[in-house]
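The values are calculated or read from the model by the stated rules, or taken from the named source; none is laboratory data. Quantities reported herein were computed from a predicted structural model and do not represent experimental measurements. Cβ atoms come from the backbone with ideal geometry, glycine included; neighbour counts cover every protein chain shown.
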Amino acid sequence: MPAAMVIGLVVHANHRHRFEAATRTLTGVTFAWAVYRREEQIRDRVAGLLGAGRPDGLLLGPVPYARSRDLLPPELPVAVTRSAALDLALAWSRARGNGWPATPVSIDTFPRETVDEVADALGLDHEGIACLPFEPEQPVAEVVAFHREQLARTGAAYVITVRTGVAAALDGRVAVLHALATPGTIRADLHELALRIRHRHADGLRFAAAVLRLPDPPEPATPADRAGLVEMLHRTPEFADAWIDDRGPHGVVVFAHAGLFEAVTRHWTTLPLLAEARETLGVRVVAGFGLGDSARLSVALAERAVERAGQDPAAGAYLISGAGLMIGPMGAAGPPLTSTYREHGGLEALAGRVGLSPATLSRLAAVERRLAGRPVSPSELARSLGITDPSGRRLIRKLSESRLAVGDGSSQLHRKGRPTRLYRLSITEALKVRHD
């Protein structure tokens, strides 16, 4: 039996229950905890965790990462889990539930663009929102001073913070709402880290298998139902390069790059394709994913996973890997993924001009919609499409030559090495122009 994966978790004592809730969907993994109560304890806790036996990977928040990043070995897979837009929206919802006005308010840690995005979605006045984005070296005292200044200037009734130290320093004299990462946000980062660790140790896990099945109860699936499922998969841009095999009552088998499955399941948390099947076919579909060191093993694991999903009326999908990792259940939350290029009359012509297939350009348009305006690196684009990094760089060059990708800044994840250039996709806009 392979040794269990060990993932280290660096958490504040008050937040441990959230991380424990996120770990419950992973099996075949052992967790090592580094728990602190004050930020000045972080370095010692991380050093102790690494000294006790280096874990296979490390999950921690932005503050622990900023305080300990020089201690982390460069080859150690690390994931930094951050509060998401949803977490900020939930904090604002709690404020309204308390009877507080949405604005004025003072917010820390979140990027300005995230605050603006949520404020736009909720129809809030930007002028009444003070925002202090996270700075790695910024001490708690400066963040607290910012909030007190904004409260005095605007008369805000409360503060939204991600940092426990900030809430403690305000000492109960100011109403504070925590916009902490939900277990769902943490779970997505944890699943992504676990799969990244598996990929590092086993090149054979670069490809994977999925089995989709229509369980019999309450009514047996018909051949027409299965044919509809196969057709739906074929017209889904994300599966344009996948190999799809209809095995009748045994289900539909899909072979694809593991990165493709990670993308369509949003790092093994949801599978919107199931909602699409329910809406368009009127049937319940369950799915199983298998990651093994051979095609035969991947299919066998996927079949075990789909059997597990079929036993749970509320479940949509499960993942099982050859090393004993199990992730699930994955629900059907989220908008449908399917968006065939036939909906865009000018896509075939645009694809011909660029020198790409309509299916590939349709998949790129789907990626652009998921990014929602966020720039992307060539490597991230490659992972989204399930292709190699060199292929991703070549694709970006081709898109740039046709003005379907425009340079938009750079990113440097590590202090050493060259920054990675970022690009903003503009395929949807090009399609609108051609259609008009």
Which ones in the range 286-313 are in a loop (DSSP other than H, G, I, E, B) and in contact with a Gly (Cβ under 8 Å, 6 or more places away or on another chain)?
Gly292, Asp293, Ser294
Which of the residues belonging to the range 99-136 are in a loop (DSSP other than H, G, I, E, B), in contact with a strand residue (DSSP E or B) (Cβ under 8 Å, 6 or more places away or on another chain) and touching a residue at least 24 places away in the same chain (Cβ under 8 Å)?
Trp100, Thr103, Pro104, Phe110, Phe134
Residues in the range 168-192 that are among the basic types (Lys, Arg) and over 30 Å from Met330 (Cα atoms): how many?
1
With respect to Ala47, determine if the residue is in contact (Cβ under 8 Å) with a residue 24 or more places away in the chain and either crowded, with 21+ Cβ neighbours inside 10 Å or not assigned by TED's automatic domain parsing to the domain that holds Glu149 (or both).
yes
Kindly indicate whether Leu337 is buried (at least 19 other Cβ atoms within 10 Å of the Cβ), modelled with pLDDT under 75, closer than 30 Å to Ile427 by Cβ and touching a Lys or Arg at 6+ places or on another chain (Cβ under 7 Å).
no
Odd one out for Val166 among (1) surrounded by fewer than 13 Cβ atoms within 10 Å (Cβ to Cβ); (2) in a helix (DSSP H, G or I):
(1)
Trp92 vs (1) in a strand (DSSP E or B); (2) more than 23 Å from Ala13 (Cβ to Cβ): all pass except (1)
Residue under question is Ala52, and the condition is that it be exposed (fewer than 15 other Cβ atoms within 10 Å of the Cβ) and closer than 30 Å to Ile320 by Cβ; does it hold?
yes
Within the range 93-115, identify whether any single residue is surrounded by fewer than 17 Cβ atoms within 10 Å (Cβ to Cβ), modelled with pLDDT under 90 and touching a helix residue (DSSP H, G or I) at 6+ places or on another chain (Cβ under 8 Å), and answer yes or no.
no
Given the criteria at pLDDT below 85, surrounded by fewer than 19 Cβ atoms within 10 Å (Cβ to Cβ), touching a Ser or Thr at 6+ places or on another chain (Cβ under 6 Å) and of a type outside the set (S, T, N, Q), does Arg235 qualify?
yes
Within the range 265-283, which residues are assigned to a helix (DSSP H, G or I) and surrounded by fewer than 22 Cβ atoms within 10 Å (Cβ to Cβ)?
Pro272, Ala275, Glu276, Arg278, Glu279, Thr280, Leu281
Among residues of the range 74-89, those that are charged (D, E, K, R) and in a helix (DSSP H, G or I), counted
1
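Matching residues to (1) under 26 Å from the mean Cα position of the chain (by Cα); (2) among the β-branched types (Val, Ile, Thr); (3) at pLDDT 80 or above:
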{"site": "His201", "(1), (2), (3)": "yes, no, no"}
{"site": "Leu205", "(1), (2), (3)": "yes, no, no"}
{"site": "Ala240", "(1), (2), (3)": "yes, no, no"}
{"site": "Pro249", "(1), (2), (3)": "no, no, no"}
{"site": "Val254", "(1), (2), (3)": "yes, yes, yes"}
Look at Ala141 and say whether it is at pLDDT 90 or above, farther than 22 Å from Pro375 by Cα and among the aliphatic types (A, V, I, L, M).
yes
Determine if the range 133-155 includes at least one residue that is aromatic (Phe, Trp, Tyr) and within 27 Å of the chain's Cα centre (by Cα).
yes
Residue under evaluation Asp44, criteria (1) modelled with pLDDT of 95 or more; (2) under 18 Å from Thr164 (Cα atoms), criterion not met:
(2)
